Every structure is written in C-alpha cells, then in structure tokens.
Amino acid sequence: MPGLDDLYREIILDHYRSPRNRGELAPPAVRAEGHNPLCGDEIQVYLDVVDGVVNDIKITGSGCSISLSSASMMSQAVKGKKIADVKALVNRFRSMMGLDIADAESDTDVLSIDDDTEVAAPEVKLGDLEALQGVVKFPVRIKCATLAWITLTQAMAEVPNA
Amino acid sequence: MGLDGALVRKDFPIFERFIDGAPIVYLDSANTSQKPRQVIDAMTSFIENSYAPINRSAYRLAGEATDAFEAARSKVARFINARSSDEVVFTKNATESLNLLAYSWGRANLNAGDVVVLTHLEHHANIVPWHMLQAERGIVLRWVPLTADGQLDLTDLAALLTDAKVFSFTAMSNVLGTITPVQQLCEAAHAAGAIAIVDGCQYVPHNVTDVQAWGADFLAFSSHKMCGPTGIGVLWGREQLLDAMPPFLGGGNMIADVRLDGFTTAPLPAKFEAGTPAIIETIGLGAAVDYLSNLGMANVREHEMQLGSYAMSALTKRYGNDISIHGPSDIAVRGATLSFAFAGIHPHDLSQVLDQRNVCVRAGHHCAKPLMRLLGVSATARASFYIYNDESDADALVDALAGASDIFGF
C-alpha cells in the first residue's frame, strides 16, 4: 500500500486547515451544490462570472481533508481565469485523477483503466493542485478530490450565456 | 461466560489473510459480517452434492434439496422463537422485508391521513419505503425523538401513537448501538391499536431474539450481518397478519392456481416467495444459525458487552476529551457498535489512516442521514465488534488512532 505521505502532503493539510475563499456570494453569482452520497460530504460553489472571466468564487460545505483542500486549491486556481481556461483546467485535473475526458461533462465518474490519459491540454499548469496527484493511488478517495470540480462544472453550466 | 474471540476467529478463513504482512482487524461487522468455514462448507457441500430445484420436481434429488431448504426455514424459526416456520418468509434482505411490508400491508391498510410512527434512530430502509407510501397515499409520518445520550425519548410516546396504524422501529441502532425496549414499544403500539414492526437487522445477529416474548407483529433481518451469505433475508410475521395480506411479487411458487381470468395464492410462506429463491444462500443462512446457536446468543451478547465496555474505556482513557463516542454510555442499553468523533478529524481521513494499520472501520452516514443531521455531523467513523473480535482488536483501534492525530495534529 502506498504511504500516507503520498496522500496527505503538507500543502494539502495547509489548505485543509486554512481553506481559501470560504463563504457565499449573493446573486447574480450562481450557486451549485454537490453531494457525495457515499459519505454524506456536501459542497456549495458560488461563482461570479463577469465578461467570461471568474470574477469571484466562494465555497461552503463540509468534507474530508481531500475534498476540502481540493476545493480550496481549485478556488485559488480558477479565480481571475477565463471560463475557457477554467474548463481546460477542469479537464486537466480530471485527467490527473485518471478520469475519462470524454466523460468530463457528465456526473458519472468512470475510472480510466489506461494510464496515459494525459491528452487534455498538458500545457495547462496545475500548480499546487499537483499535490493531489497522490490521491490516484487511493482509488476510494478520488471521488473526494473531484467533488468540488464536478460542482464547479455544474456552476459554470448555470452561468447565463457562458 | 462469554466467548474467546481469538478462538472463534479460527473458524473464519478470511482472518488467515495478511495485508501488507499484518493481520486484518475487522471492525465493520455492523456493515456486514465475515463468514465462518462452517457456512462456506455447508454451501459448497450443498452445491456439490444436493443442488436441485425446490418445491417443483418429483425426483429424489429435488426432494432432498427441498428438505434442506425447508430445514433452514425451521432453524430460523427456532432461532427467533417463531410459533411456526410458516411465519418465516425468505426475502433478499431486511430492506426487501421492510419494503414488502410497506407495499403489501401498507397498501392494503393505509390511506390518506393514516399515521405511521417511526423513530429518529431509523436506517433509510425503515424510512424511505414509508416516504414512498407518503407520496403515493398521503399517509402521515411521526417521529419518536431521542434523549441527549441517543436513546428513544418515550415521554410523549402515547401521544405520538394516538390513532397510529403502524409503529415501525429498530431494535438496535446501526449508528449509535442503542438497544431499544422492544417489548415495551410493542405493548405501546398495541395499546394504541397499531401494529409493531421491528427492524432487527442489527439486533438479531448479536442478541437472543424471541418474537413471542416481544409481542411483535413483524420482524425484518438480514443473513449477511449474522455470518450468513448475502442475498438472503427474513421477514417474520404473525400468521394471522401474513394471511390477511395481499401478495407482494407475483409469479411462480406463490400461487395455488392460475387461470386466464386470475389466480389464487399459495398458503404461507410460499405466498410471499415468488420465483426461484436464493436456494444456496438459504442453506448458508441455516448453517449460520447453527453456528451462532452453538456459540449461544446469550454468550454472544455477553462477549460484546465485555468487549464494548473495554473498547469504550480504552478509547476514553487514551484520548480523553479528544474522542467522543456517540450514543449511550451504559453497555446495558447498547451493543458494541461505536460511532465516534475524534479530534475534529473527518471520518474519511480517520478511516484512511486506520486502514494503514489494517483496521477496517466504516466512515460515512451509515444510511441514516436524518440521524446524522440530529447529531449535527455529515458522517461518523464507526467501529463495530462481533464474535471474532477480542481486546487485541480494540487495542489496535486505539493505537492506530494515534497515527491520525500525528498527521492532523492536536
């Protein structure tokens, strides 16, 4: 079994202990809600998009260290980005989690069995999010890491004229 | 006199397996139990020597299979002290047993405004079927609240049961371990004119069960939590009530006659057993009942009282206020199913760290989301002990938790 150091990297624990961008946004920001029915974790993503750019993002909800740190790092990574770039980042993240890109727009997380799925814009930089790479070695935790991203994808779909 | 967990463990082949060079500390039996050699052998031997259809063929082998199948039913009847084996209906699991009741008894007897009383301890399996009936028929649900330590608060029970037609409750909470006063609850239901349905899924594997002493009307439980295989469960009901109920699923085996213009039902219990049942699994359940009966259910309960007390005090002694065990602290009113919060660490993270030491606990909402909301948490970690556990397993849990505090810090 891979060591827990692969999973609980210091930067992950830092985001878990001090999550960034916690809170709510008032309309016209959109709101999306995600649940992990297996464990009861839930997350709300508030997204304020102005002229095709993420002006602000806030997150509420409860979850484990992996789901909360993933949400926190995600919020930092997408703030100020164009929606098109956010979508590329989502795909890049899903690819890192070993999830099928073709499935990226659906809610169904299908694990890809093939290891070289680095097809989604490898030039997209993940930054701190690379720390979550170790999650792939713990397959039951992948759903924790992707919950915020699935919810973000739903939020983007709610944005008028996005 | 209790049991020797280490000795019992030798009957369970899975404990011969090592993961990362160390034995498995299985503390998830409230979820599903491991299987003893005796059950595995009974199923294998039946497949290899006696397998054939039941209840429908004239040759000797089929007669032998039918006898083995019905012998399992008699064993189950004796295990719960049913008046007759005709009162034992085989289902897929306890969930199906409860759905059968809501579907069949519920649709025959409940209409708009009729009251069904449940409790805040219930598993989704004893909630959602009634929600479905609420949506379809407009029945009214009432809920028995809990005391601060997770027992049923019976202060207003009589008022809650006024005009109720059904009181359906767990005999033991799968989250808090709380054991409810089943006999008293059955009496209260009957005094109000309601039927009493007992969800025995957690209780039956761990305690002496006597449906007649309880005065219950129905009891649902599953094989897989009591050393038997998955795919087979039990609905026990009083004969008079089962007789009066319309059938559930239609098909083969449940009929006396079928004509172009209709059908008549078979007598109990076949009336509720449409189609070819889980024959092999039923044989396995019969063997599981034999296995537990040989241990003695009073011994099982005593073993778990000792072990539950030991685990609770070991956890508290080591971690003090950093650990909070949900539910009653008095072992007399609880089983050895311990849900706990630890140092503010999320149950998923706890479970992950414990897994590193092969300590298997459940992290999640335990299919009891209303109870989670009441506790003010989204999930708990739950360690549940059974016959094959002993103090060394509790010690392993206590030691492994230190790893979680090392990583997440307090």
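Any read-out appearing in this document is the output of simple, stated calculations on the displayed coordinates, not a laboratory observation. The shown structure was predicted, so the numbers you read here are calculated from the model rather than taken from an experiment. Using ideal geometry, Cβ is built from the backbone for each residue, glycine included, and neighbour counts are taken over all protein chains shown.
Taking 0.36 nm per residue of separation and subtracting the current Cα-Cα distance, fully stretching the chain between residue B:183 and residue B:249 would add 20.7 nm. Extending 7 Å from Cα along the Cβ direction at residue B:156 and again at residue B:399 yields two label points whose distance is 5.0 nm. The amide H of residue B:89, built 1.01 Å from its N in the peptide plane, has B:235, B:236, B:237 as neighbours under 5 Å, considering only residues 5 or more places off or on other chains.
A helix-only calculation puts the protein assembly as shown at -11500 deg cm²/dmol for mean residue ellipticity at 222 nm, using -39500 (n - 2.57) for each DSSP H run of at least four residues, averaged over all residues.
In plain terms, the residue of B:44, B:119 with the fewest other Cβ atoms within 10 Å comes first and the most crowded comes last, giving B:44, B:119. The calculated FRET efficiency for the pair residue B:148 and residue B:57, based on their C-beta separation and a Förster distance of 41 Å, comes to about 0.10. With the simple model of a label 7 Å out from the Cα in the direction of the Cβ, residue B:191 to residue B:264 spans 4.3 nm. As a rough footprinting exposure proxy, the listed residues B:206, B:348 were ranked by other beta carbons within 10 Å of their own, and the order from fewest upward is B:348, B:206.
Just so you know, the averaged projected area of the alpha carbon convex hull for segment B:173-293 sits at 9.0 nm².
Using the Cβ-Cβ distance between residue B:241 and residue A:5 with R0 set to 51 Å, the FRET efficiency works out to roughly 0.30.
Summarising the label geometry, the points placed 7 Å from Cα in the beta-carbon direction at residue B:7 and residue A:125 lie 6.7 nm from one another. When you work out D = kT/(6 pi eta Rh) for chain B at 37 °C and 0.692 mPa s, using the Kirkwood radius from C-alpha pairs as Rh and the Stokes-Einstein form, the result is 148 µm²/s.
Under the criterion of Cα pairs below 8 Å and six or more residues apart, the relative contact order for chain B equals 23 percent.
The charge dipole of the protein assembly as shown, taken about its Cα centre with unit charges on the Cβ atoms of Lys, Arg (+1), Asp and Glu (-1) only, comes to about 500 debye. On a per residue basis, the convex hull of the C-alpha atoms belonging to the protein assembly as shown measures out at 191 Å³.
Charged side chains reduced to their Cβ positions (Lys and Arg at +1, Asp and Glu at -1) give chain B a dipole of some 460 debye around its Cα centre. For chain B, the membrane-span-like helix rule (DSSP H, alpha carbon extent of at least 24 Å along the helix axis, mean Kyte-Doolittle at least 1.0) picks out B:279-295; this says nothing about an actual membrane. When B:199, B:243, A:51 are arranged by Cβ crowding within 10 Å, least crowded first, meaning fewest neighbours, the order is A:51, B:243, B:199.
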